[in-house]
Amino acid sequence: MNRFKCFWNGILGKLFATTHKLEEPSYSEHVARPVRSHRDDSQFSWADESVLFLGLGDDLIGLAKGLADRGASVSFRSLTKFQDVYHLPLEKFTIVVMDDGSIEQSFDVIDIGGTLRRSDSALALIWASSAFTFSEVADQSTKGFCDILLALPSTPDKLALFFRR
């Protein structure tokens, strides 16, 4: 009986190993983020970036036009409810610019930015607001939901300074 058990386990082991070698994961449905070409960080170009604007303020529209004029791919989305953030095609974007939103919204930049940060840590998240006196890199208290605090109005050249090292 013991011999039969060893024989049977050996056959099952070989069958299991053979079956699993043939079943490799398929990545045919994988959608990759736009790949930035390898370059020196001092040679930053908006043409390599795909920017999503969450908001429709006049200052954001002016900034978006400037980015598009410099070759960036620019898209706009409005979030009417918080769950809309889960339907954003994040794999298509390298940068997300969020505005303060409206007073009627039950969510804010902290909610949206935090969710985006947890969803994709490679995204550059920018909180843009006319309430900021000057633009700066996020500090300990804000880096959980944004990388840059951008004072509006702003220009693509001012924003590009944060992407050059």
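Rolling a 1.4 angstrom probe over the protein heavy atoms, how many square angstrom per residue are accessible across the stretch 47-165?
Per-residue accessible area for the stretch 47-165 comes out at 52 Å².
Give me the number: length gained by fully extending D69 to K92, i.e. 0.36 nm times residue separation minus the C-alpha to C-alpha distance, one decimal in nm.
6.3 nm
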Point to revise | Under 14 Å, Cβ to Cβ, from G62 - net charge with Lys/Arg +1 and Asp/Glu -1 | key: -2
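The values are calculated or read from the model by the stated rules, or taken from the named source; none is laboratory data. For clarity, every value in this text was computed on a predicted model and none was experimentally measured. Here Cβ is always computed from backbone atoms with ideal geometry, including for glycine, and neighbour counts include all displayed protein chains. For accessibility, only protein heavy atoms count, side chains too; no ligands or nucleic acids. Shrake-Rupley method; radii C 1.70, N 1.55, O 1.52, S 1.80 Å.
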